[in-house]
Amino acid sequence: VEESYIMIKPDGVQRGLVGEIISRFEKKGFKLKGLKLFQCPKDLAEEHYKDLSSKPFFPKLISYITSGPVVCMAWEGVGVVASARKLIGATNPLQAEPGTIRGDLAVQTGRNVVHGSDSPENGTREIALWFKEGELTEWTPVQTPWLVE
Ligand code: GTP
Ligand code: MG
């Protein structure tokens, strides 16, 4: 089954948006498999965003992501990767549609409150990167037959 790594960035934690953001994925009907509050070390932030290492904003991005605790989440479900990206909205919050997390809750690209994996392959890669074995839980929500026919 498809999985996505979703992370509430330090601004989302500092601004008290953790419950609001988790709630959107929960209400949509995805299954939470892993959840932790975590102070991200610099080397992990650099590995996570390695594809952006040549960008001029890379040093700012790394200091942003390591500036305070993040909330790491593993979510599973049919089409979760693309759906989560839609729920999150465009990278630049000023271009994100109202109703999306960034559209409703943020104003700047450098403070866009949440991360979502951009492909199923990266979803699995990022979950393995951010979670240790034993930190993920397999379970069956009672609502499953009411969500998936
Ligand atoms: P993520 O879900 O965090 O990966 O965002 P994204 O997939 O919408 O965007 P992308 O992967 O291209 O960029 C990763 C993150 O780098 C963005 O979410 C921003 O936090 C940051 N970023 C991207 N472009 C810029 C930029 O031009 N300036 C600044 N300051 N940050 C940027
Ligand atoms: Mg990205």
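Bear in mind these aren't lab numbers, they're just calculated from the coordinates by the rules spelled out. Everything numeric in this text was worked out from a predicted model, so none of it was measured. All Cβ positions, glycine included, derive from the backbone under ideal geometry; neighbour counts span all protein chains shown.
Run the numbers on the chain and let me know its relative contact order in percent, using alpha-carbon pairs under 8 Å that are six or more apart.
Numbers: 238 pairs, mean separation 53.2, N = 149.
For the chain, the relative contact order is 36 percent.
Where in region 71-149 are there chymotrypsin sites (Phe, Trp or Tyr not before Pro) that are in a DSSP coil and have at most 13 other Cβ atoms within 10 angstrom of their Cβ? Let's see the in-between values first.
Working: sites: Trp75, Trp130, Phe131, Trp139, Trp146; in loops: Phe131, Trp139.
Hits after loop and neighbour filter: Trp139.
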| note | Between Val70 and residues 5 or more places away or on another chain, the pairs with built amide H atoms under 5 Å apart involve Phe38, Gln39, Cys40
| Rounded FRET efficiency, nearest 0.05, which uses the C-beta distance separating Val78 from Asp118 and R0 of 22 Å | 0.80
| query | What is the list of residues in region 102-123 whose amide nitrogen lies under 14 Å from a point 7 angstrom out from the Cα of Lys60, following Cα to Cβ? | reply | 107-112
| query | Using r as the Cβ-Cβ distance of Lys42 and Val142, and R0 as 41 Å, what FRET efficiency do you calculate, to the nearest 0.05? | reply | 0.50
| field | Positive-end residue of Ser83, Val1, Ser119, charge dipole of region 1-134 with Cβ unit charges | value | Ser83
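Can you give the local net charge around Pro120? Use residues other than it whose beta-carbon is closer than 9 angstrom to its beta-carbon, Lys and Arg +1, Asp and Glu -1.
Details: positive: none; negative: Glu2, Glu3, Glu121.
The answer is -3.
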| task | Report the net charge of residues surrounding Gly110, where surrounding means a beta-carbon distance below 11 angstrom and charges are Lys +1, Arg +1, Asp -1, Glu -1. | result | +2
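Where does each of Lys50, Lys31 land when they are ranked from fewest to most other beta-carbon atoms within 10 angstrom? Working shown, then result.
Values: Lys50 10, Lys31 21.
The fewest-first ordering by Cβ neighbours comes to Lys50, Lys31.
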| remark: 1/(1 + (r/R0)^6) with r = Cβ-Cβ of Val1 and Lys50, R0 = 25 Å, i.e. FRET efficiency to nearest 0.05, evaluates to 0.45
| Fewest-first ranking of Thr66, Thr140, using other Cβ atoms within 10 Å as the exposure measure | Thr140, Thr66
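Tally Lys/Arg at +1 and Asp/Glu at -1 over every other residue whose Cβ is under 14 Å from the Cβ of Ala96; what's the total? Intermediate results must be reported in sequence, preceding the final value.
Working: positive: Arg24, Arg85, Lys86, Arg102, Arg111; negative: Glu97, Asp104.
That works out to +3.
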